[in-house]
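What follows draws every value from the coordinates through simple rules; no lab data is involved. Keep in mind the model is a prediction, meaning the values are calculated, not measured. A quick note on method: Cβ atoms are made from the backbone with ideal geometry, for glycine too, and the neighbour counts reach across all protein chains shown.
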Amino acid sequence: MDTEKKVIFSGIQPSGDLTLGNYLGAIKNWVRLQEDYDCYFCVVDLHAITVKQVPKDLRRRTLEVLSIYIAAGINPEKATLFIQSHVPSHSEASWLLTCNSYIGELGRMTQYKDKSKKMGDSINAGLFVYPVLMAADILLYNADLVPVGKDQKQHLELARDIAERFNKAYSPTFTIPEGYIPPAGAKIMDLQDPTKKMSKSTDNPNGCILIMDSPEVIRKKVSRAVTDSIGIVNYTEDQPGVQNLINIICAIKNISPEEVVKSYEGKGYADLKKDAAEIIIAELSPLQEKVKGLLDNKEYLESIYKKGAEKANYISQKTLRKMQKKIGFIPR
Ligand code: ATP
Ligand code: LTN
């Protein structure tokens, strides 16, 4: 029975075209974990509007993210796939938790600091309370495990703190979630600046491989990836560009960095890049075909997200009602 399984919750923002980082840091691991857990995978559109979105692009990307989940191998018959804005308890719980969060702890979040630096004077308040909404997502389902890339570790720790605080202030309500950060692929770096995370909201499109990039574009981007002048394929911090390419290969092929390094003895960066590009293409091409097919079948997608929202509404409402009751609201 599903109810005996531990629960997983995770999500991706439809705030830009998804990258190889999103795929290797998050989605690919969800596919591995889905058999053993009761999974909720959400398209977090409420999070996406912390950055200005063009309405028609947001609509297109929301369905594209959902299609990518399915095309990558998430089974909609087993996992619950839904769109965050279809489940009002996320916004409601988020407010309740906002009143149990501190300005100090939110101000320490590096994602907030980085993004607000970029935005200058017009930082919206959503960006500040973003991690509280993320905590609500996770806690409403009493998730045991949250598979995310390394950049989300701090947000996850905050979600744990908020949960513990609420449990202590009232009475045990939430499961304290654990993070699952993959061994390889936890942080895929920008190909043009391997000290920076590969991100869908990057200024330099050449640094970023998109899940939907064509083989030609992938070959071009990988061949131009920044490396170094050492010239030997090694897995060290001193060669962050090469290390990144090795990490990508490891995450896709499920092998260790040592194995990759060994197979390039006596070879150079050109060979590594050529092979990395072909490995990425072989992984993404079948997925891209499936995404295109799914996007042509809006009725099917609708049936999935409607069914998902029904289940998510049912489960999350139960937790929300508990929270409201403990806080002292009159039951409706
Ligand atoms: P943005 O750049 O718009 O802030 P993002 O590309 O970081 O977004 P999110 O929607 O915030 O994407 O993240 C979705 C998931 O993908 C998270 O689990 C995140 O940790 C993971 N992820 C994002 N970028 C990378 C990366 N470069 N390497 C590994 N995992 C990543
Ligand atoms: N903040 C996450 C996206 C996200 C998420 C979540 C991830 C929103 N809610 C709940 C895991 C669980 C990010 O990757 N930027």
Revision key, fill the gap. Listed by chain and number, the residues whose amide H is under 5 Å from that of M189, excluding neighbours fewer than 5 places away on the same chain and using placed H, are M198
**Study point:** Rounded to 10°, Cα long-axis angle of helix 153-169 versus longest principal axis of the chain
**Key:** 20
Study note, to complete from the structure: Taking placed amide H atoms and a strict 5 Å upper bound, the residues 5 or more places from T80 or on another chain that come that close are C39, Y40, F41
Exercise for review: List the relative contact order of region 18-90 as a percent without decimals, with contacts defined as Cα pairs under 8 Å and 6+ residues apart.
Suggested key: 49
Review point. Can you give the relative contact order of the chain as a percent, counting alpha carbon pairs under 8 Å and 6+ residues apart?
Key: 22
Practice item. Report the charge-dipole magnitude of the chain in Debye, nearest 20, computed about the Cα centre from +1 at each Lys and Arg Cβ and -1 at each Asp and Glu Cβ. Key: 960
Exercise for review: Taking the Cβ of each residue in T50, T195, T175 as the centre, tally the other Cβ atoms inside 10 Å and list the residues starting with the fewest.
Suggested key: T195, T175, T50
Check your understanding: Taking +1 at the Cβ of each Lys and Arg and -1 at the Cβ of each Asp and Glu, which of Y23, A163, S214 sits farthest along the dipole of the chain towards its positive end, judged by Cα position relative to the Cα centre?
Key -> A163
Check your understanding: Nearest 10 degrees, 0 to 90: what angle lies between the long axis of helix 55-71 and the longest principal axis of the chain (Cα atoms)?
Key -> 70
Exercise for review: Please list the non-local residues whose amide H lies under 5 Å from the amide H of Y180, H modeled 1.01 Å from N, same-chain partners needing a gap of 5 or more.
Suggested key: V146, V148
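In debye, nearest 20, what is the charge dipole magnitude of region 240-332 about its Cα centre with +1 on Lys and Arg Cβ and -1 on Asp and Glu Cβ, if you could check?
1180
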Check your understanding: Roughly what angle does helix 298-327 make with the longest principal axis of the chain, taking Cα atoms, 0 to 90 degrees, to the nearest 10?
Key -> 50
Revision key, fill the gap. Checked against the positive end of the charge dipole of the chain (+1 on Cβ of Lys and Arg, -1 on Cβ of Asp and Glu, about the Cα centre), the farthest of P331, S67, N204 is P331
Review point. With charges set only on the Cβ (+1 for Lys and Arg, -1 for Asp and Glu), what does the dipole of region 139-185 come to about its Cα centre, in debye to the nearest 20?
Key: 80
Check your understanding: Looking at the chain, what % of its DSSP beta bridges pair antiparallel, to the nearest 5?
Key -> 10
**Study point:** the chain: calculated mean residue ellipticity at 222 nm from DSSP helix runs of at least 4, using -39500 (n - 2.57)
**Key:** -16500 deg cm²/dmol
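Which residues make up the longest stretch of the chain that has no GluC sites (Glu not before Pro) in a DSSP loop with at most 12 other Cβ atoms within 10 Å?
78-236
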Study note, to complete from the structure: Residues S171, S10, S85, S303 in order from fewest to most other beta-carbon atoms within 10 Å are S171, S303, S85, S10
